[in-house]
Amino acid sequence: MTRRGKADVASLRWLLLALLAISVGYWCWQHFASFGARSSPKGSVVDKRGAGGLAPVHTILVEKHDFPVYLNGLGTVQAANTVTVRSRVDGQIAKVAFEEGQMVQTGDLLVQIDPAPFQAALDQALAKIAQDKANLANAQQDLQRTSTLAKQGNATQQLLDQRAAAVASQTALVQADEAAIESAKVQLGYTTIKSPIRGRAGFRLIDPGNIVHANDQNGILTITQLQPIAVVFTASEQELPAIQEAMQSGALPVTAMSSDGQKVLGDGKLQLIDNQVDIASGTIRLKALFDNSNKTLWPGLSVTTRLLLRTIKNVVVVPVKAVKRGPNGLYAYVIDNQSKAQQRSLKVNHFDDAQALVEEGLNPGDRVVTTGQYRVQPGGPVQLLDDQNRNATATSATEKAE
């Protein structure tokens, strides 16, 4: 056979092998595809609508509740009183009677300065007044004798005047001594430094043996009053009329929460509206007072605030997640008697983090979709996964039983 003939045979052989491989592959594909179709349960085609083409949703029955209207803001905790304790006399620290971070009461001993020099000054003033009182007594006796002699004509008027002037001079000296004694007592009292307020002691800025001066700027320690404590926060100037109107009925409740809004730190009352609006930011400062019984509020801490302006009674309230926004405004899906979702337009009066006050569009007893709306088609059938009203009631009953 020629070389050309051998090449043609080889080419034919490779062609047959390729056709055989294609046939085997096609048969395998047909076999496994049909097997998978037979083994799959009816209606198991993957569809985001779920079994039977129904959209699985969670729902809740619409009810009437009281709706609290809150004003949210950002604030900073401020101590009601902060005192930097300083020495009022010069001297050496003899004793430090507090611990850093200690809660101190009004009148508690904090620091004792060496009282010896001030006690000596007081003793000296006491000795001086004793001397001057003795001189005053002698001068008064001389005046009395001279006055008797003058009446008898045995003493001149000039001598009598001198005796009277001596008594007046000694009286003035005694009065000056009394003032010196009071001053010495005050200075001696300053050597005992007591807490002027009830609060928490900060870092200690002196040690026993240090010399302190009345003009020291750093002080000895800082005491911060934690109970009660204040929170200063801001509100928009547009909210000012509503706040003023609400305050006419009394102090408004304020809740302080962590900066992420997840944890309640304390409940207080609004005490003060600032006397002017900040022109640059268009906000007004407010101050609320907290008893801080659990000591969760600390000066300088950033918090979120929630001011209760008023409570609207007996209105239609639904979870915020039930309300959606579309091209034509707010809407919600309402489940009818045939378990089909009907899209209904809403007019919402107020929102908060969890609830929405619906003014128009929903009635008590309507069943609205809370989750799964993205699977729902208007007028389409749905699969009710649970009744959140019933679950909430069951959970509450279980908790009470426990």
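The values are calculated or read from the model by the stated rules, or taken from the named source; none is laboratory data. Keep in mind it's a predicted model, so treat the numbers as computed, not measured. Note: ideal-geometry Cβ built from the backbone for every residue, glycine included; neighbour counts use all protein chains shown.
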Query - Those residues of the range 187-204 which are in contact (Cβ under 8 Å) with a residue 40 or more places away in the chain and in a helix (DSSP H, G or I), in sequence order - result: GLN187, LEU188, TYR190
**Report entry** So ALA322, is it outside the structural domain of LEU240 (by TED's automatic domain parsing) and over 14 Å from LYS64 (Cα atoms)
**Finding:** yes
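Residue check: is ARG344 more than 19 Å from ASP366 (Cβ to Cβ), among the charged types (D, E, K, R) and surrounded by 12 or more Cβ atoms within 10 Å (Cβ to Cβ)?
On the way: more than 19 Å from ASP366 (Cβ to Cβ): no; among the charged types (D, E, K, R): yes; surrounded by 12 or more Cβ atoms within 10 Å (Cβ to Cβ): yes.
Taking the combined requirement at face value, the residue does not satisfy it.
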Query - Condition met for ALA184 (assigned to a helix (DSSP H, G or I) and more than 42 Å from the chain's Cα centre (by Cα)) - result: yes
**Report entry** Residue list for the range 346-355, filter: within 24 Å of LEU384 (Cα to Cα) and modelled with pLDDT under 90
**Finding:** ALA354, GLN355
Query raised in the report: Tell me, which residue of the range 317-351 that is part of a helix (DSSP H, G or I) and free of Cβ contacts under 8 Å to residues at least 60 places away in the same chain is farthest from GLN383 (Cα to Cα)?
Result: VAL320
Query raised in the report: Name the pairs whose Cβ atoms lie under 7 Å apart, with the first residue in the range 142-164 and touching a residue at least 24 places away in the same chain (Cβ under 8 Å), the second polar (S, T, N, Q), and 6 or more positions between them or separate chains?
Result: ARG163/THR146
Query raised in the report: So which residues in the range 291-303 are in a strand (DSSP E or B) and either farther than 22 Å from THR224 by Cβ or of a type in the set (A, V, I, L, M, F, W, C) (or both), if there are any at all?
Result: VAL303
Report summary line: With criteria (1) buried (at least 17 other Cβ atoms within 10 Å of the Cβ); (2) free of Cβ contacts under 8 Å to residues at least 12 places away in the same chain, VAL303 comes up short on (2)
Query raised in the report: Could we say that ALA184 is surrounded by 17 or more Cβ atoms within 10 Å (Cβ to Cβ), among the aliphatic types (A, V, I, L, M), touching a residue at least 24 places away in the same chain (Cβ under 8 Å) and assigned by TED's automatic domain parsing to the domain that holds ALA97 here?
Result: no
Query raised in the report: Does LEU330 count as under 36 Å from the mean Cα position of the chain (by Cα) and outside the structural domain of GLN373 (by TED's automatic domain parsing)?
Result: no
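If I filter the range 260-271 for residues that are touching a Pro at 6+ places or on another chain (Cβ under 7 Å) and on the phi < 0 side of the Ramachandran plot, do I get at least one hit?
Looking for residues that are touching a Pro at 6+ places or on another chain (Cβ under 7 Å) and on the phi < 0 side of the Ramachandran plot, one finds at least one in the range 260-271, hence yes.
Restricting to the range 260-282, count the residues that are closer than 15 Å to LEU307 by Cα and in contact (Cβ under 8 Å) with a residue 12 or more places away in the chain.
Narrowing the range 260-282 to residues closer than 15 Å to LEU307 by Cα: 261, 264-273.
Then keep just the ones that are in contact (Cβ under 8 Å) with a residue 12 or more places away in the chain; that gives 261, 265-273.
Number satisfying all stated conditions: 10.
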Query raised in the report: Pairs under 6 Å by beta carbon, first residue within 9 Å of LYS128 (Cα to Cα) in the range 168-181, partner part of a helix (DSSP H, G or I), six or more apart or different chains?
Result: VAL174/ASP132; VAL174/LYS133; VAL174/LEU136; ASP177/LYS128; ASP177/ILE129; ASP177/ASP132
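Considering only the range 222-290, give the strands (runs of 3 or more DSSP E) lying wholly within it that have at least 3 residues that are assigned by TED's automatic domain parsing to the domain that holds GLY202 and surrounded by fewer than 17 Cβ atoms within 10 Å (Cβ to Cβ).
Numbers: elements: 229-236, 253-257, 264-278, 283-290.
Here the list is empty.
Return the residues of the range 143-160 that are part of a helix (DSSP H, G or I) and not aliphatic (A, V, I, L, M); say none if nothing qualifies.
Step one: list which residues in the range 143-160 are part of a helix (DSSP H, G or I), which gives 143-152, 157-160.
Correct list: GLN144, ARG145, THR146, SER147, THR148, LYS151, GLN152, GLN157, GLN158.
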